[in-house]
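Visitor: Structure below; questions to follow.
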Amino acid sequence: MADANFIPWGENLKGLVSQTKCTASTINDILRERGVFCASSEKVNTVPNMIKSLLSPSESFELLNSIKTKEKLDKVNFRNYEVKQDSDLLDLVSGLMDTDDLQSSDFVNYEVVDFNDFTSLDGVSSNALTLDFEVSRKDILDDWYESEKFFKGSVEIKKSSDGNNAISMSVKLNHSSPETKEVADKVISIVEKSLIEDGVIDKPKQGGRVLFEDFTNENRINFLNSLASQHTGYDFYHKTINDFNFTPDKEQDTKKLKNDTNLLEKDINKLRVSGDLEKIITVKWKHIHPFIKATKVIATYSIDHKSYSGECKVSYEFSDYNKRKLINPELCINFVNLKLKGAPPSVIQNVQSIIMREIETRKNELLVKYKKP
């Protein structure tokens, strides 16, 4: 981690201003505030002037802030609980934790640097809540000016009831790094423990998660394909399946189907570039669905939100960060990309939330249909 009291100069400063995140306009603005005006604002002209002079503490802080690494909230996990007692959710979960409770140990390379307790998601309801936090990770092997990276995360909790007076609680974990996923999991474990002790919920099976082994091989494919393709709203409209990942089920006798699985892989590789995978997933290769383990489906959607239009690509996968071999991974929804022409960050974040609500609704419907009893 860079020393907050260290002001870069010479080669250290040259390495900092050479970063693409440190833009020419940032350097030019600092020079102009000094009264230094260059014929061109390109780095080839402005950087030598900056390197030859010393930075002030405020200028150093401005440059370092310009290259801070922040990632979008692009990965989501869902949890579901049945509620036994209808109580005010905000009263139940507020004040349960602070930053010390969310740090797993002293022997990690990250810390929670910003933490806000549960508040109303819309500013009105006390049964739809959000908790936001930010994590700082220290990567000592990176260059001094990139050693500290920042990642945001949040946890959303909502309580609702159906027409039969059954009450449920849904949880959405937003995370952008392994560290924010770990903190979000810690938040939920604290909330879950407290609600169980208060008799609001029973201890849920598998922590309310949607896991890989919740499905037969055939129904897992049906679930992933349906979850990816059954979105036909104006804001969020399904266009095509882009990718489908699977592995043969080694616990079954697949010798007779070895050629079929090889041909399926060739079909997928070909259609990743030139066509729609949906037909070969649902029709052409349906006879081998019981013998393969589907792990991921990626789909593309068009977006029309107010005056903005664009598209996004979403991955539906059973996975976890940096882990290739998982015994029973959890379902994770990941924004591969989202392009909305002319939209400010606040609108893009709102569109992500709208899309995730649509995905969550569809997920709950499909679990009833495809999950093992």
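Visitor: Residues in segment 47-58 that are farther than 14 Å from Thr23 by Cα, out of contact with any Cys (no Cβ under 8 Å at 6 or more places or on another chain), without any contact (Cβ under 8 Å) to a residue 40 or more places away in the chain and not in a loop (DSSP other than H, G, I, E, B): how many?
Guide: Qualifying residue count, segment 47-58: 2.
Visitor: Let me spell it out: the conditions are (1) surrounded by fewer than 16 Cβ atoms within 10 Å (Cβ to Cβ); (2) in contact (Cβ under 8 Å) with a residue 60 or more places away in the chain, and His175 meets all of them except one. Which number is the exception?
Guide: In the conditions (1) surrounded by fewer than 16 Cβ atoms within 10 Å (Cβ to Cβ); (2) in contact (Cβ under 8 Å) with a residue 60 or more places away in the chain, His175 misses (1) alone.
Visitor: Quick one: Lys306 ticks every box in (1) more than 19 Å from Ser170 (Cβ to Cβ); (2) out of contact with any Lys or Arg (no Cβ under 8 Å at 6 or more places or on another chain); (3) open to solvent by less than 20 Å² (accessible area, probe 1.4 Å) bar one, so which box is it?
Guide: The failed condition is (3).
Visitor: Could you check Asn217 against (1) open to solvent by less than 30 Å² (accessible area, probe 1.4 Å); (2) over 22 Å from the mean Cα position of the chain (by Cα); (3) at pLDDT below 90; (4) not β-branched (Val, Ile, Thr) and say which number it fails?
Guide: Only one criterion is unmet by Asn217, namely (3).
Visitor: Across segment 259-275, which residue is farthest from Phe291 (Cα to Cα) among those that are at pLDDT below 70 and among the β-branched types (Val, Ile, Thr)?
Guide: Val273
Visitor: Restricting the search to segment 197-214, which residues are surrounded by 15 or more Cβ atoms within 10 Å (Cβ to Cβ) and under 21 Å from Lys158 (Cβ atoms)?
Guide: In the first step, residues of segment 197-214 are kept if they are surrounded by 15 or more Cβ atoms within 10 Å (Cβ to Cβ); the result is 200-201, 204, 207-212, 214.
Answer for segment 197-214, where residues must be surrounded by 15 or more Cβ atoms within 10 Å (Cβ to Cβ) and under 21 Å from Lys158 (Cβ atoms): Val200, Ile201, Pro204, Gly207, Gly208, Arg209, Val210.
Visitor: Tell me whether segment 17-33 contains one or more residues that are part of a helix (DSSP H, G or I), open to solvent by less than 20 Å² (accessible area, probe 1.4 Å) and modelled with pLDDT under 75. Explain how you work it out, then say what you get.
Guide: Of the residues in segment 17-33, the ones part of a helix (DSSP H, G or I) are 17, 24-33.
Subset that is open to solvent by less than 20 Å² (accessible area, probe 1.4 Å): 17, 27-28, 30-31.
Filter once more, keeping what is modelled with pLDDT under 75: 17.
Yes, because at least one residue in segment 17-33 is part of a helix (DSSP H, G or I), open to solvent by less than 20 Å² (accessible area, probe 1.4 Å) and modelled with pLDDT under 75.
Visitor: Taking only segment 113-131 into account, find how many residues are within 20 Å of the chain's Cα centre (by Cα) and either open to solvent by 40 Å² or more (accessible area, probe 1.4 Å) or in contact (Cβ under 8 Å) with a residue 60 or more places away in the chain (or both).
Guide: Residues that pass the stated criteria total 5.
Visitor: Shifting gears a bit: Quick check on segment 316-370: of everything there that is assigned to a loop (DSSP other than H, G, I, E, B) and open to solvent by less than 30 Å² (accessible area, probe 1.4 Å), which residue is modelled with the lowest pLDDT? Spell out the reasoning first.
Guide: From segment 316-370, those assigned to a loop (DSSP other than H, G, I, E, B) are 319-329, 341-344; that's our starting set.
Retained after the next criterion (residues that are open to solvent by less than 30 Å² (accessible area, probe 1.4 Å)): 329, 343.
On the way: Pro329: 92, Ala343: 89.
The residue in question is Ala343.
Visitor: Conditions: (1) under 23 Å from the mean Cα position of the chain (by Cα); (2) modelled with pLDDT of 90 or more. Lys84 meets all but one. Number of the miss?
Guide: (1)
Visitor: Further, regarding this structure: Residues Tyr81, Tyr110: which one is over 16 Å from Ile167 (Cα atoms), crowded, with 18+ Cβ neighbours inside 10 Å and touching a helix residue (DSSP H, G or I) at 6+ places or on another chain (Cβ under 8 Å)?
Guide: Details: Tyr81 fails: over 16 Å from Ile167 (Cα atoms).
Unique residue meeting the criteria: Tyr110.
Visitor: Every residue in segment 227-246 that is outside any strand (DSSP E or B) and open to solvent by less than 10 Å² (accessible area, probe 1.4 Å), please.
Guide: Taking segment 227-246 and keeping what is outside any strand (DSSP E or B), we get 227-231, 233-235.
The answer is Leu227, Ala228, His231.
Visitor: Here is a check on your reading of the model: is Leu195 part of a helix (DSSP H, G or I) and within 28 Å of Asp243 (Cβ to Cβ)?
Guide: Numbers: part of a helix (DSSP H, G or I): yes; within 28 Å of Asp243 (Cβ to Cβ): no.
It is false that Leu195 is part of a helix (DSSP H, G or I) and within 28 Å of Asp243 (Cβ to Cβ).
Visitor: Take segment 80-127 and flag every residue that is in a strand (DSSP E or B), among the hydrophobic types (A, V, I, L, M, F, W, C) and closer than 16 Å to Val187 by Cα. Don't jump to the end; show me each part of the working.
Guide: Of the residues in segment 80-127, the ones in a strand (DSSP E or B) are 80-83, 110-120.
Add one more test, that the residue is among the hydrophobic types (A, V, I, L, M, F, W, C), and what stays is 83, 112-113, 115, 118.
Result: Val112, Val113, Phe115, Phe118.
Visitor: Right, here's the next one. Is it the case that Val297 is modelled with pLDDT of 90 or more, over 22 Å from the mean Cα position of the chain (by Cα) and of a type outside the set (Lys, Arg)?
Guide: Details: modelled with pLDDT of 90 or more: yes; over 22 Å from the mean Cα position of the chain (by Cα): no; of a type outside the set (Lys, Arg): yes.
Criteria not met by Val297.
Visitor: In segment 34-60, which residue that is among the basic types (Lys, Arg) and modelled with pLDDT under 80 is farthest from Arg137 (Cα to Cα)? Give the derivation first.
Guide: We begin by selecting, within segment 34-60, every residue among the basic types (Lys, Arg); these are 34, 43, 52.
From the residues that got through so far, the ones that are modelled with pLDDT under 80 too are 43, 52.
On the way: Lys43: 30, Lys52: 32 Å.
Among those that are among the basic types (Lys, Arg) and modelled with pLDDT under 80, it is Lys52.
The values are calculated or read from the model by the stated rules, or taken from the named source; none is laboratory data. Owing to the predicted nature of the structure, the values given are computational and were not obtained by experimental measurement. FYI the Cβ positions are ideal-geometry reconstructions off the backbone, even for glycines, and counts take in every protein chain you see. Side chains are part of the model used for accessible areas, which takes the heavy atoms of the whole protein and leaves out ligands, DNA and RNA. Shrake-Rupley method; radii C 1.70, N 1.55, O 1.52, S 1.80 Å.
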